[in-house]
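Presented below is the structure to which this report refers.
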Amino acid sequence: MHYFSTNRKSPAVSFREAVLNGQPDDKGLYFPSEVPIVTELCLSEMHERLYPEIAFDLMWPYVGGDIPDNVLFKICEALNFEFPVVEISDGISALELFHGPTLAFKDVGARFMSGCLQYFSKDKSGKTLVVVATSGDTGGAVAAGFHGVEGVEVVILYPKGKVSRIQELQLTTFGGNVTALELRGTFDDCQALAKKALADTDLQKRIHVTSANSINTARWLPQQLYYFFAFEQIGAGDQPVFSVPSGNFGNIAAGLLARAGGLPIKKFIAACNANDVVPEFMRTGDYRPKPSVATLSNAMDVGDPSNFVRILEVFDNNVAELKEALDAVSISDETTAQTMREVYKASGYILDPHGAVAYRALADHISDHPGESGIFLETAHPVKFDSVEEILGTHVEVPPAIESLFSKHRESIEMDVNYDDVKDLLLAKI
Ligand SMILES: *Cc1c(COP(=O)(O)O)cnc(C)c1O
């Protein structure tokens with residue numbers, strides 16, 4: 001197994017190099033040279049096995065021998081939380097991805113990547129600096145995943161006043177090797193500064209810098225696992241449609257990879273908010289990035305989704321085949337809020353705004369295709385978004401697992417949007 005760049009200018013590399021580099025120099029994304037196929041037998045025996053065992057078998061070919069089996073197994077054991085499929089209404093179930101330490105699906109990729117980086121850092125001189133910009137969920141998952149990992153320093157850039165109360169606690173209460181930078185600016189400013197640091201050759205000469213967003217192969221690949229875990233629960237039968245709330249399109253690209261690897265899934269729906277670059281592409285054939293617009297489902301406010309090139313790669317750039325497998329829709333904030341109220345009223349289930357976008361897209365699809373059934377991804381716990389209580393007019397219980405956050409000491413460094421200041425701080429981590 002090797003990893004080539006989707007831009008095809010940078011050389012192909014091993015799994016280890018793909019993880020350490022993060023992104024190829026030609027600004028493409030790393031993509032596996034082959035998609036390992038899962039056998040019928042493996043699928044039919046899945047329900048007899050534990051999730052870390054399934055994860056180990058599925059990830060093993062992708063790692064291509066770069067991590068010893070016993071270490072890879074330990075890394076897979078970190079995915080020791082639940083991924084329940086919960087029926088919400090007739091033919092529609094939620095795959096709940098919020099039972100990890102920071103209550104969002106990004107825990108899966110962050111924990112897997114931190115295990116890989118920890119192993120690869122052992123025989124490497126000097127520290128690794130992980131720089132990540134967040135609109136809320138990524139930062140918390142990366143902080144939790146990398147806290148205490150030897151040889152790794154983490155700097156998280158987040159926009160002041162623009163993350164929720166719980167997200168901010170998750171970013172700022174770890175301390176140790178995790179530093180939270182509170183920038184007086186927007187998420188786009190944070191992203192631009194993080195990109196600048198990653199491309200700064202002077203900085204790279206002094207310390208190895210990498211990112212931990214879904215561009216990184218080790219964060220992206222394990223996101224296919226929970227589609228298999230859902231299959232393990234529902235069994236073979238009618239193939240489900242999966243509706244995935246999509247922003248940077250890492251999650252859905254991983255699902256499409258799982259399907260290409262033999263997981264029986266009828267179709268995917270990319271459920272977007274007002275940021276509709278991909279729905280527009282599917283309609284017109286023109287891919288036109290736009291500046292992002294702010295919505296209720298803010299983790300999906302992306303105007304130029306990075307991982308879309310990986311989706312094209314899954315289909316060998318055959319757009320006709322892609323259209324068979326993927327629908328893409330855009331759901332407004334008004335419809336999102338209305339959906340949250342309707343579902344709460346009908347079933348008592350509290351959707352978060354991201355899950356609500358996916359629920360709506362799936363419910364619309366099923367009403368057009370009677371007889372089909374589907375699963376939408378509930379990507380984060382509703383308590384993480386302050387808007388939920390306002391929309392539903394009800395209190396959202398804080399899960400006991402994170403209650404302790406409220407008594408922890410918060411620490412962040414507040415700064416203006418200025419690269420030189422950020423760089424000084426990064427250099428101080430060496
Ligand atoms: C990050 C995130 C998304 C978007 O996932 P992508 O892989 O970027 O498409 C959706 N929902 C929540 C809650 C998220 O945190």
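The values are calculated or read from the model by the stated rules, or taken from the named source; none is laboratory data. This structure is a prediction, so every number in the text was calculated from the model and none was measured. Quick reminder, even Gly has a Cβ in these numbers, built from the backbone with ideal geometry, and neighbours come from all protein chains shown.
Observations on the model:
- For beta carbons closer than 8 Å, sequence separation of 6+ or different chains, a first residue in segment 238-259 that is under 17 Å from residue 317 (Cα atoms) and part of a loop (DSSP other than H, G, I, E, B) and a second that is within 12 Å of the ligand (Cβ to nearest atom) and of a type in the set (Gly, Ala, Ser), the qualifying pairs are 249/270; 249/306.
Conditions (1) modelled with pLDDT under 95; (2) buried (at least 21 other Cβ atoms within 10 Å of the Cβ); (3) under 30 Å from residue 407 (Cα atoms), marked per residue:
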{"site": "134", "(1), (2), (3)": "yes, yes, yes"}
{"site": "142", "(1), (2), (3)": "no, yes, yes"}
{"site": "184", "(1), (2), (3)": "no, no, yes"}
{"site": "218", "(1), (2), (3)": "no, yes, no"}
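- Residue match in segment 377-389 (condition: assigned to a helix (DSSP H, G or I), exposed (fewer than 12 other Cβ atoms within 10 Å of the Cβ) and modelled with pLDDT of 95 or more): no
- Failed item, numbered, when residue 346 is tested on (1) over 30 Å from residue 179 (Cα atoms); (2) hydrophobic (A, V, I, L, M, F, W, C); (3) within 24 Å of the chain's Cα centre (by Cα): (3)
- Only one of the numbered conditions (1) touching a His at 6+ places or on another chain (Cβ under 9 Å); (2) farther than 18 Å from residue 218 by Cα is not met by residue 128, and that is (2).
- Residues in segment 209-223 that are in a helix (DSSP H, G or I), more than 12 Å from the ligand (Cβ to nearest atom) and touching a Gly at 6+ places or on another chain (Cβ under 7 Å): 222 only.
- Test: residue in segment 102-110 that is within 20 Å of residue 261 (Cβ to Cβ), touching a Ser or Thr at 6+ places or on another chain (Cβ under 7 Å) and either surrounded by 15 or more Cβ atoms within 10 Å (Cβ to Cβ) or not β-branched (Val, Ile, Thr) (or both): yes
- Scanning segment 72-88 for residues that are over 22 Å from the mean Cα position of the chain (by Cα) and surrounded by 16 or more Cβ atoms within 10 Å (Cβ to Cβ) turns up just one, 88.
- Residues considered: 361, 346. Of these, the only one that is in contact (Cβ under 8 Å) with a residue 60 or more places away in the chain, crowded, with 19+ Cβ neighbours inside 10 Å, of a type outside the set (S, T, N, Q) and closer than 30 Å to residue 387 by Cα is 361.
- Residues in segment 364-410 that are of a type in the set (Gly, Ala, Ser), more than 30 Å from residue 172 (Cβ to Cβ) and either touching a Cys at 6+ places or on another chain (Cβ under 7 Å) or free of Cβ contacts under 8 Å to residues at least 24 places away in the same chain (or both): 2 in all.
- Among the residues here, residue 180 does not qualify as in a helix (DSSP H, G or I), touching a Gly at 6+ places or on another chain (Cβ under 9 Å), at pLDDT 95 or above and over 20 Å from residue 66 (Cα atoms).
- Set side by side, the residues 27, 9 differ, and just one is surrounded by fewer than 19 Cβ atoms within 10 Å (Cβ to Cβ), of a type in the set (D, E, K, R), more than 29 Å from residue 351 (Cα to Cα) and modelled with pLDDT of 95 or more, which is 9.
- Qualifying residue in segment 125-132 (condition: under 22 Å from residue 381 (Cα atoms), buried (at least 24 other Cβ atoms within 10 Å of the Cβ) and in contact (Cβ under 8 Å) with a residue 12 or more places away in the chain): yes
- Residues in segment 295-343 that are surrounded by fewer than 21 Cβ atoms within 10 Å (Cβ to Cβ), in a loop (DSSP other than H, G, I, E, B), small (Gly, Ala, Ser) and within 15 Å of the ligand (Cβ to nearest atom): 2 in all.
- Segment 228-252, subset within 16 Å of the ligand (Cβ to nearest atom) and among the polar types (S, T, N, Q), residue farthest from residue 308 (Cα to Cα): 243
- Candidates 86, 35, 71, filtered to the one that is touching a Gly at 6+ places or on another chain (Cβ under 6 Å) and not aromatic (Phe, Trp, Tyr): 35
- Given (1) within 27 Å of residue 75 (Cα to Cα); (2) in contact with a Ser or Thr (Cβ under 9 Å, 6 or more places away or on another chain); (3) of a type outside the set (Lys, Arg); (4) modelled with pLDDT under 90, index of the condition residue 211 fails: (2)
- So residue 299, is it closer than 25 Å to residue 162 by Cα and modelled with pLDDT under 95: yes
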